[in-house]
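Asker: Pasting in a structure now, in structure tokens, and then I'll have a few things to ask.
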Amino acid sequence: MNKETLTVALISDVFPDASHEARLLDRLRDASSQGAELAVLPEIPLNPWSPSTKNPRDNDAEAPEGPRHQMLARCAKQAGVALVGGAIVKSPDTGARHNTALFFDSDGAFHGTYCKLHIPDEPGFWEIYHYDPGTEAPRPFDQLGFPFGIQICSDINRPEGCHLLGAQGALAVVAPRATEAITYQKWRPVFIANALTSGLYVLSVNRPAPEDGVLIAGPSIAVAPNGQVLLETTDPVGVVTLERKAVEKARIDYPGYLAIRSDLYAAAWKERTVSSQPSLR
């Protein structure tokens with residue numbers, strides 16, 4: 001059944017070991033008390049920010065449906081709110097590790113994953129040493145009657161994911177992230193541009209504070225399909241209501257009504273390898 005609105009809570013907090021389960025539950029209950037139907041946590045919220053170094057640790061990752069997965073499911077059910085959380089999930093078949101978003105409904109039922117596609121490799125964000133790029137394009141989740149997709153941090157800086165999700169019928173994209181405060185003014189126009197050019201809501205929530213020498217900080221943000229910033233806050237819990245009619249209007253206004261030339265772009269991209277970049281020489 002389609003819903004006309006969806007109220008979303010962006011929870012800027014992390015819970016890096018099992019002892020923080022009660023605090024996670026408190027945050028989710030706070031969000032639910034403010035009317036949230038979906039809560040979104042930052043990037044790998046049940047881990048410390050281990051990509052501060054190049055040294056991966058075995059206990060940062062878990063098998064599918066491991067202890068972090070179970071903790072998220074329990075808290076979603078107890079708080080009665082749908083939840084996008086995450087974990088580093090290790091394949092039992094290949095051993096590959098992926099930065100994985102996990103989606104649960106308000107009964108704690110698990111509805112699927114999205115794995116981060118674009119992996120940084122720079123000081124403070126040595127992520128390529130900790131997990132592998134995902135291998136599947138994003139797809140919308142429609143279990144809440146208001147279809148939304150997921151992008152994780154760096155993915156937002158490649159607009160194809162948002163554009164694809166919009167073309168697939170998503171009304172919103174939620175983007176857990178871990179970014180430094182000093183870079184926020186580079187991220188902010190990207191959120192706005194993705195909302196405008198994809199014709200959907202873009203929401204992002206950050207890890208809240210510096211960790212292990214990495215100066216992580218910066219606000220949660222929610223942008224409407226017309227580019228208006230609806231929410232921009234460093235509060236631990238920020239709540240915003242999304243409206244289907246705003247997306248519908250954006251898609252008949254400029255630039256929403258422009259044709260999606262996916263066949264042409266697909267053919268052009270096929271000419272390049274996945275790893276190729278334009279030469280700067």
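The values are calculated or read from the model by the stated rules, or taken from the named source; none is laboratory data. Bear in mind that the values here come from a model prediction, so they are computed numbers and not experimental data. Neighbour counts are summed over all protein chains in view; Cβ atoms, including those assigned to glycine, are modelled from backbone coordinates with ideal geometry. Each accessible area value is taken on the protein alone, full model and side chains, heavy atoms only, with ligands, DNA and RNA left out. Shrake-Rupley method; radii C 1.70, N 1.55, O 1.52, S 1.80 Å.
Asker: Return one whole number: the accessible area per residue of the chain in Å², for a 1.4 Å probe.
Answerer: So the chain comes to 47 Å² accessible per residue, rounded to a whole number.
Asker: Hey, which aspartates and glutamates would be in cross-link range of LYS90, C-alpha to C-alpha under 15 Å, not counting anything within fewer than 8 residues on its own chain?
Answerer: Result set, ordered by chain and number: ASP58, ASP60, GLU62, GLU65, GLU127, ASP132.
Asker: For region 17-106, what is the convex hull (Cα atoms) projected area averaged across all directions, in square nanometres?
Answerer: Result: a mean projected hull area of 5.8 nm².
Asker: Using label points projected 7 Å from each Cα along Cα→Cβ, tell me how many nm separate GLU243 and GLU65, to one decimal.
Answerer: Between GLU243 and GLU65, the simple spin-label model gives 4.2 nm.
Asker: If all Cα-Cα distances of region 111-151 are sorted into 10 Å bins from 0 onward, what percent lands in each bin, rounded to whole numbers?
Answerer: All Cα pairs considered, the percentages come to 27, 39, 24, 10, 0.
Asker: Can you give me the orientation-averaged projected area of the convex hull built on the Cα atoms of region 152-281, in nm²?
Answerer: The directionally averaged projection comes out at 10.0 nm².
Asker: If N is the number of residues in the chain, what value comes out of its Cα radius of gyration divided by 2.2 N^0.38 Å?
Answerer: Against the empirical 2.2 N^0.38 Å value, I get 0.96 for the chain.
Asker: Working only with C-alpha atoms, what are the Rg and Dmax values of region 15-61, expressed in angstrom?
Answerer: Using the Cα atoms of region 15-61, the pair Rg, Dmax is 13.5, 41 Å.
Asker: Heavy-atom accessible area of HIS163 with all protein chains present, probe 1.4 Å, nearest 10 Å²?
Answerer: 70
Asker: Given points 7 Å out from each Cα along the Cα-Cβ axis, report the THR183 to GLU122 separation in nanometres with one decimal.
Answerer: So the label points at THR183 and GLU122 sit 0.5 nm apart.
Asker: Relative to the Cα centre, what is the charge dipole magnitude of region 214-258, using +1 at the beta carbon of each Lys and Arg, -1 at the beta carbon of each Asp and Glu, and rounding to the nearest 20 debye?
Answerer: Charge dipole, region 214-258, about its Cα centre: 200 debye, nearest 20.
Asker: Let me ask something else about it. Please work out how much length the chain gains when fully extended from GLU21 to ALA266, using 0.36 nm per residue of separation minus the C-alpha to C-alpha distance, in nm with one decimal.
Answerer: 83.8 nm
Asker: Now for a separate question. How many percent of the accessible area of region 1-137 is carbon or sulfur, using a 1.4 Å probe?
Answerer: 49
Asker: Turning to a different aspect of this structure: What number, rounded to the nearest 500 deg cm²/dmol, is the helix-based mean residue ellipticity at 222 nm of the chain, given -39500 (n - 2.57) per DSSP H run of at least four residues and division by all its residues?
Answerer: -7000 deg cm²/dmol
Asker: Give the average over all directions of the projected area of the C-alpha convex hull of region 72-152, one decimal, in nm².
Answerer: Here the figure is 6.1 nm², rounded to one decimal.
Asker: Counting Lys and Arg as +1 and Asp and Glu as -1, what is the net charge of the other residues whose Cβ lies under 11 Å from the Cβ of GLU127?
Answerer: Residues close to GLU127 contribute a combined charge of -1.
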